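Visitor: The structure under discussion is supplied below as structure tokens; questions concerning it will follow.
The values are calculated or read from the model by the stated rules, or taken from the named source; none is laboratory data. Here the structure is a predicted model, which is why all the values come from computation and not from measurement. Here the Cβ positions follow ideal geometry from the backbone for every residue, glycine too, while neighbour counts run over all protein chains shown.
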Amino acid sequence: MIKILVIHGPNLNLLGKREPEIYGKVTIGQINKKLKDIAKKKKVALEIFQSNHEGEIVDKIGKAKNKYSALLINPAAYTHTSVAIRDAISATDIPAVEVHLSNIYAREDFRHNSLIASVAKGQISGFGMDSYIYGLDAAINLSA
Ligand code: DQA
């Protein structure tokens with residue numbers, strides 16, 4: 001069975017309350033439920049992990065080999081800063097799909113650079129919760 005690892009990075013646990021004018025009112029619980037519903041319909045297994053800590057995310061990716069067929073990740077602020085998460089993705093042979101709720105290229109300059117993009121299969125940015133839905137679709141196709 002295809003098994004996909006979903007990783008939410010820092011502050012995404014605050015979705016719904018956090019800058020709703022940028023991220024919308026959707027909560028992480030609602031996103032996870034939607035992803036689980038889609039996965040169930042498509043007969044795909046999902047594991048979902050959220051952390052505000054870079055090292056925990058690095059550890060999770062480091063242990064992912066042979067366990068998952070694809071990685072769906074919103075690295076949040078670590079997108080723009082984390083060589084460690086970039087290297088962890090690069091070190092694993094699992095294809096990664098990078099997603100963002102907001103369009104990072106339409107925001108502050110420091111968000112225009114993603115350290116993750118060059119080691120991801122592709123990036124989806126700017127569609128709110130739908131970024132995750134499109135991303136899950138891409139991750140399933142990469143697993144097949
Ligand atoms: C984000 C965009 C990042 O720049 C930001 O730091 C986040 C969320 C997004 O989903 O739009 O925390 O990854």
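Visitor: Considering region 45-66 alone, what residues qualify as being within 15 Å of ASN13 (Cβ to Cβ) and hydrophobic (A, V, I, L, M, F, W, C)?
Guide: ILE48, PHE49, ILE57
Visitor: Something else: Only one of ILE124, ILE133, ILE94, ILE116 is closer than 20 Å to ASN13 by Cβ, crowded, with 19+ Cβ neighbours inside 10 Å and β-branched (Val, Ile, Thr). Can you tell me which? Before you say what the answer is, go through the steps one by one.
Guide: On the way: ILE124 fails: closer than 20 Å to ASN13 by Cβ; ILE133 fails: crowded, with 19+ Cβ neighbours inside 10 Å; ILE94 fails: closer than 20 Å to ASN13 by Cβ.
Result of the check over ILE124, ILE133, ILE94, ILE116: ILE116.
Visitor: Can you report the number of residues in region 97-113 which are touching a residue at least 12 places away in the same chain (Cβ under 8 Å) and either touching a Phe, Trp or Tyr at 6+ places or on another chain (Cβ under 9 Å) or buried (at least 20 other Cβ atoms within 10 Å of the Cβ) (or both)?
Guide: Of the residues in region 97-113, 9 are touching a residue at least 12 places away in the same chain (Cβ under 8 Å) and either touching a Phe, Trp or Tyr at 6+ places or on another chain (Cβ under 9 Å) or buried (at least 20 other Cβ atoms within 10 Å of the Cβ) (or both).
Visitor: Taking the criterion of being within 14 Å of the ligand (Cβ to nearest atom) and out of contact with any Ser or Thr (no Cβ under 8 Å at 6 or more places or on another chain), would at least one residue in region 55-68 satisfy it?
Guide: No, region 55-68 contains no residue that is within 14 Å of the ligand (Cβ to nearest atom) and out of contact with any Ser or Thr (no Cβ under 8 Å at 6 or more places or on another chain).
Visitor: If you don't mind, there's one more thing I want to ask. Of ALA84, ALA91, ALA77, which residue is of a type outside the set (Phe, Trp, Tyr) and under 15 Å from ALA120 (Cβ atoms)? If you could, list the steps in order and put the result at the bottom.
Guide: Numbers: ALA84 fails: under 15 Å from ALA120 (Cβ atoms); ALA77 fails: under 15 Å from ALA120 (Cβ atoms).
The match here is ALA91.
Visitor: Report every pair of residues separated by at least 6 positions or lying on different chains whose Cβ atoms are under 6 Å apart, first residue within region 1-16 and loosely packed, with under 15 Cβ neighbours inside 10 Å, second in a strand (DSSP E or B).
Guide: Pairs found: MET1/ALA45.
Visitor: Further, regarding this structure: Among the residues of region 82-96, write down those that are part of a helix (DSSP H, G or I) and under 18 Å from SER69 (Cβ atoms).
Guide: Taking region 82-96 and keeping what is part of a helix (DSSP H, G or I), we get 83-91.
Scanning region 82-96 gives ALA88, ILE89, SER90, ALA91.
Visitor: Further question: Does LYS60 count as over 12 Å from the mean Cα position of the chain (by Cα) and modelled with pLDDT under 95? Write out each step before concluding.
Guide: Numbers: over 12 Å from the mean Cα position of the chain (by Cα): yes; modelled with pLDDT under 95: no.
The answer is no for LYS60.
Visitor: I've got another one for you. Quick check: is even one residue across region 115-122 outside any helix (DSSP H, G or I), more than 14 Å from the ligand (Cβ to nearest atom) and at pLDDT below 95? Give the steps one after another, and end with the answer.
Guide: Restricting attention to region 115-122, the residues satisfying the condition of being outside any helix (DSSP H, G or I) are 115-116, 120-122.
Now restrict to residues that are more than 14 Å from the ligand (Cβ to nearest atom): 121-122.
Narrowing the set further to residues that are at pLDDT below 95 leaves none.
Within region 115-122 (the criterion being outside any helix (DSSP H, G or I), more than 14 Å from the ligand (Cβ to nearest atom) and at pLDDT below 95), the answer is no, since none of the residues qualifies.
Visitor: Continuing with the same structure: If we keep just the residues of region 125-144 that are more than 13 Å from VAL26 (Cα to Cα) and within 10 Å of the ligand (Cβ to nearest atom), which is farthest from the chain's Cα centre (by Cα)? Let's see the steps before the verdict.
Guide: Here is the first cut: in region 125-144, the residues more than 13 Å from VAL26 (Cα to Cα) are 125-126, 133-144.
Checking which are within 10 Å of the ligand (Cβ to nearest atom) leaves us with 125-126.
Working: SER125: 11, GLY126: 13 Å.
Residue satisfying both the conditions and the ranking: GLY126.
Visitor: Looking at ALA91, ALA84, ALA77 in this structure, which one is touching a helix residue (DSSP H, G or I) at 6+ places or on another chain (Cβ under 6 Å), touching a residue at least 24 places away in the same chain (Cβ under 8 Å) and either more than 10 Å from the ligand (Cβ to nearest atom) or not β-branched (Val, Ile, Thr) (or both)?
Guide: On the way: ALA91 fails: touching a helix residue (DSSP H, G or I) at 6+ places or on another chain (Cβ under 6 Å); ALA77 fails: touching a helix residue (DSSP H, G or I) at 6+ places or on another chain (Cβ under 6 Å).
Going through ALA91, ALA84, ALA77 in turn, just one is touching a helix residue (DSSP H, G or I) at 6+ places or on another chain (Cβ under 6 Å), touching a residue at least 24 places away in the same chain (Cβ under 8 Å) and either more than 10 Å from the ligand (Cβ to nearest atom) or not β-branched (Val, Ile, Thr) (or both): ALA84.
Visitor: Out of (1) near the ligand (Cβ under 9 Å from one of its atoms); (2) assigned to a strand (DSSP E or B); (3) closer than 18 Å to GLY55 by Cβ, the odd one out for VAL99 is which?
Guide: The number of the failed condition is (3).
Visitor: Would you be able to say whether some residue in region 5-23 is away from the ligand (no atom under 15 Å from the Cβ) and under 17 Å from ASN141 (Cα atoms)?
Guide: So in region 5-23, the residues away from the ligand (no atom under 15 Å from the Cβ) come out as 5.
Still in the running and under 17 Å from ASN141 (Cα atoms): 5.
Yes.
Visitor: Of ILE38, ILE31, ILE48, which residue is outside any helix (DSSP H, G or I) and either closer than 27 Å to ILE94 by Cα or of a type in the set (Ser, Thr, Tyr) (or both)? I'd like the intermediate steps shown before the answer.
Guide: Values: ILE38 fails: outside any helix (DSSP H, G or I); ILE31 fails: outside any helix (DSSP H, G or I).
The conditions single out ILE48.
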